[in-house]
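Asker: Can you read through this structure? Questions will come right after.
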Amino acid sequence: MTQPPKSSTAPPGTAVPTMPALPPQSGRSGAPTPRRTPDATPARRTALAEGVDQLRAAATTEPGRLRAIGALLAVLVVAFGAVAAWQTDSRATAAGDVLHHSQPLSSDAADIYRSLADANTMAASGYLAGLDETPATRTQYEKDVRNAASKLVTAAANADPGSSSATYIKQLNELLPEYKGLVESARANNRQGFPVGGAYLRAANDTMQNQMLPKAQDLYKNENERLSADYGNATPYPWFAIALGLLALGGLTWAQRRNYQRTNRVLNGGLVAASAATAVVLLWVVVGHTVARAGLNDSYDHGVKSLTVLHDARIASLKARSDENLILVSRGSETTTLPDKQVVDTYDWGYDQQIAALGKGLKLADSLADDSAGRKPVAVANSSMKVWISRHAKVSENNELGKYDDAREGVIGAKDATAECFNSVDASLNSALIQETKEFQQSAGDGLDAMTGLTVGAAVLAALGAAGAVLGIGRRLSEYR
């Protein structure tokens, strides 16, 4: 009989035989193909990962935590000192620029304007005098021209290449010889009695009023803007350094409190020294900058503002004097149509405008002066201006009546002439400028002195503070060895 097929299901508890492993397949050449086995060598970890693990492991122990705290405190104190030194140095540099660079250059720019305007005034006065021109008038004219040329050289040396200031200086240097040539032509023709001399003088005045003085005024404006920028860099508080100082001081306080809670020791010499050094630097930074700000702000409010107003007033007086002379030189040949269609003598109208500006400037200068030494010369200038106005009214009356010689004598005469009033106004304003310059230098110098030594002191004390923090933590670590 045929045996029935065996069932593939084995009874419970019976071991099932396993199938034998298949031989490895061979390639076309008949050689067996090797089997791939996994790489048993693990990948190496990076140094950073190992370092992180070591730090994590160290942080689980008190010595490890102390080392981390010491390193953090040292970094905070050093960072505070570095930032304090950097911010203090930048502010001290800006304060030094205010005192020694930008303000003197601003005054030089104003002096360029004043010298050019005064040269124009002296040229007109000399022309009016004709053959009677005094050596003093001629000498003053030459002095003004030389002074303007010298100040332009200084301004050129300090102007940034390609800047608008450099352009103005170049143009003024080109126009100055042209102006001098026109004045010399006017003088030569006037001495020979040729009426064309007046045309040359008016051309010289137009060159000065419409080309040279506007460029000099723009140069003065640029230097004032540079001065304002230096003040803006010198006066802000170093808030970043102060914040870091407070953070470092807070960290040192926390570390000492932590040390006390774990050891019942009230003081740690190193940490106390670090806290003291940090506190001294922080206090020095705050107090030093507060005093510096006070001095610099005072130098601006009672120095720079007053100087600007006085410069403007002096320039207005020079323009008024020049227009007064040109009224007689032009003899009504130059007219201006006002917005209300009224036709007026150009120089007579210009005189009125400049005298009004002078009066406003003197009033403002008196309000800005903070002591009698500053107010006294302004008061003298104001009194002289009032006399000038009354004498000019008499000159205008004589000129309108055709009394040219009397009008001329009232302007450049030796007695009771408007020249006396102008000279008094100019001398008084010069005295006020000298006084305000002294006050500016004193206040700005005090502000700069308040930051003296702070840059180096902050760096040195911060280094000592960081060393104290490390030594203090090291003393605590020695107890675990």
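Asker: Report, by residue number, each residue of the stretch 61-104 that is surrounded by fewer than 23 Cβ atoms within 10 Å (Cβ to Cβ) and of a type in the set (D, E, K, R).
Answerer: Hits for the stretch 61-104 are Glu62, Arg65, Arg67, Asp89, Asp97.
Asker: Would you point out which residue out of Thr337, Thr346, Thr437 is within 27 Å of Asn210 (Cα to Cα), out of contact with any Asp or Glu (no Cβ under 6 Å at 6 or more places or on another chain) and among the hydroxyl-bearing types (Ser, Thr, Tyr)?
Answerer: On the way: Thr346 fails: out of contact with any Asp or Glu (no Cβ under 6 Å at 6 or more places or on another chain); Thr437 fails: within 27 Å of Asn210 (Cα to Cα).
The unique qualifying residue is Thr337.
Asker: In the stretch 148-167, how many are buried (at least 18 other Cβ atoms within 10 Å of the Cβ) and within 30 Å of Gly197 (Cβ to Cβ)?
Answerer: Taking the stretch 148-167 first, the residues buried (at least 18 other Cβ atoms within 10 Å of the Cβ) are 148, 151-152, 155, 159, 165.
Now drop any that are not within 30 Å of Gly197 (Cβ to Cβ), which leaves 148, 151-152.
Summing the residues that are buried (at least 18 other Cβ atoms within 10 Å of the Cβ) and within 30 Å of Gly197 (Cβ to Cβ) in the stretch 148-167 gives 3.
Asker: Another question, then. Contact list please: Cβ distance under 9 Å, first residue in the stretch 102-123 and closer than 15 Å to Phe440 by Cβ and at pLDDT below 90, second residue surrounded by 24 or more Cβ atoms within 10 Å (Cβ to Cβ) and among the polar types (S, T, N, Q), pairs at least six apart or on different chains.
Answerer: Gln103/Ser299
Asker: So Leu249 ticks every box in (1) farther than 23 Å from Pro135 by Cα; (2) free of Cβ contacts under 8 Å to residues at least 60 places away in the same chain; (3) open to solvent by 50 Å² or more (accessible area, probe 1.4 Å) but one. Which box is left unticked?
Answerer: In the conditions (1) farther than 23 Å from Pro135 by Cα; (2) free of Cβ contacts under 8 Å to residues at least 60 places away in the same chain; (3) open to solvent by 50 Å² or more (accessible area, probe 1.4 Å), Leu249 misses (3) alone.
Asker: Output the qualifying pairs, or none if there are none: Cβ atoms under 7 angstrom, residues six or more apart or on different chains, first residue in the stretch 158-170 and in contact (Cβ under 8 Å) with a residue 24 or more places away in the chain, second residue part of a loop (DSSP other than H, G, I, E, B) and of a type outside the set (Lys, Arg).
Answerer: Pairs found: Ser165/Ala159; Ile169/Ala159.
The values are calculated or read from the model by the stated rules, or taken from the named source; none is laboratory data. Model, not experiment: these values are computed from the prediction. Glycine also receives a Cβ, built like all others from the backbone with ideal geometry; neighbour counts cover every protein chain displayed. The accessibility values were calculated without ligands, DNA or RNA, using every heavy atom of the protein model including side chains. Shrake-Rupley method; radii C 1.70, N 1.55, O 1.52, S 1.80 Å.
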